1. Output the 0 to 90 degree angle, nearest 10, between the alpha-carbon long axis of helix 80-95 and the longest principal axis computed from the alpha carbons of the chain.
2. Can you give me the distance in nm between label points at Ser241 and Thr256, each placed 7 Å from the Cα along the Cα-to-Cβ direction?
3. Any idea how far apart Arg301 and His67 come out in nm if each label point goes 7 Å out from Cα toward Cβ?
4. What is the extension gain from Ala281 to Glu323, computed as 0.36 nm multiplied by their sequence separation minus the C-alpha to C-alpha distance, in nm to one decimal?
5. Enter the angle in degrees (range 0 to 90, nearest 10) between the Cα long axis of helix 54-66 and the first principal axis of the Cα atoms of the chain, meaning the one along which they spread out most.
6. Going by Cα centres, the range 150-196 and the range 15-42 are how many Å apart?
7. With a sphere of radius 10 Å drawn around the Cβ of Arg92, what net charge do the other residues whose Cβ falls strictly inside it have (Lys, Arg +1; Asp, Glu -1)?
8. Just report the Cα centroid separation between the range 222-258 and the range 53-117, whole Å.
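Here, each number is a calculation from the coordinates, and none is a lab measurement. The shown structure was predicted, so the numbers you read here are calculated from the model rather than taken from an experiment. Methodologically, a virtual Cβ is constructed for each residue, glycine included, from the backbone with ideal geometry; neighbour enumeration extends over all protein chains shown.
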Amino acid sequence: MQHPPHDAQPPLIYLNNAATTWPKPDEVLEEVAGCLRLPLHEPGRTTGSGSRDYPSAAREALAAFFHAGPPEHFIFTQNATDALNILIHGFRKRIGMPFHAITTGLEHNSVLRPLTALEQEGAISLSVVPFQDITVSLAALKQAICPETRLVVMTHGSNVLGSVQDIRPIAEYLHANDIFFIVDGAQTAGHLPVDLSDIPLGAFVFTGHKALFGIPGIGGFFIADPDAVAITRQGGTGTDSHTLAHPFGMPMRFETGTHNYPGMASLCAGIRFITSTGLDAIGKKNQDLTRTFIRELRTIRGVTIYNEQPDLPVVSFDIAGIENHEAGFIMARAYNIITRTGLHCAPLVHERIDGGNGCVRASFSYFNTCDECRAAADAIREVAASADR
Ligand SMILES: Cc1ncc(COP(=O)(O)O)c(C=O)c1O
């Protein structure tokens, strides 16, 4: 197989935004640098330092962005995985006896692994509802529900198929049936308007470093009723220090130790960037990028696209005659195009779409251009042509 020499490096094209967005808006970088330049202001813990109260500012920004409150019901964690672990294990602890839980075939391992661990302990029985086409319907979920069902954990947006689930009717049904609903919004937060005032779910999980344009190391969840989930961690909060019992008040009930202040600063600036640019404008740009890329890919012999009509800027594909990881490696080394290959931490999706082999995923963000999409497609055309020989 012949490939262009990699001594003349072409400009970097970053198409791995579903993993983590890059670049970050300038104002995010500036806010993080500004936060780190000053001593931390830890509200309730230290005397005033003159710098910003980032925990409160970030909670208020999230509450306004997701139309939910009070702000103290937004809890900060390390990332979406951490949030899902706190919620899933905390819910099980609160229930205290074996129950039935449901998840879907679209999930990321950050949902599948905590649930599987609980299943292996005998704490839950677990049903995995398959997706039809690229989504999971309320009708399919209803078929899995039984009198012992207490929990449903489901992704809002698939990181492989780019499909968005219609969570409102699902939330309404589960709420009416007293089933706790955790939504993994890792792929949708920052991409779509999410109005939590209108969706009666138990908890909504987000991560900072993807479409919210924050830095890695910050994520969290909104919880409507904090009493629905028991705490699984205890430690310092800077409050109620006279008692050895972990405080009950929100948000410290779920937050322990020193906060990720730069991460919170990045979230404030990321949300500000999204709001000032407009979610509509961001969505439109992402749609243009995705359509351009798919239109080009369709013309390439040997390319199979697994999601021709994604809701999110995520396109998964394979090239005949070449393993996905090799294709990704060549694109990175020879063309300086960064994609992601393999199973994308979503093994059940790949079991269905490509026999568990994995695929190449290109994912876009506001800072990509349609020219980059065309250049990436040209590279894929060359890789496909040489694989065909
Ligand atoms: C759907 C989905 N859920 C959860 C996660 C985990 O996010 P984090 O890396 O922030 O823990 C990801 C990350 O790729 C994801 O795509």
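1. In the chain, helix 80-95 runs at an angle near 40 degrees to the longest axis.
2. 1.8
3. It works out to 5.1 nm between the two label points.
4. Working: separation 42, 0.36 × 42 = 15.12 nm, distance 3.60 nm.
Full extension from Ala281 to Glu323 adds 11.5 nm.
5. 70
6. 27
7. Taking every Cβ under 10 Å from that of Arg92, the sum is +2.
8. Each part reduced to its Cα centre gives a spacing of 14 Å.
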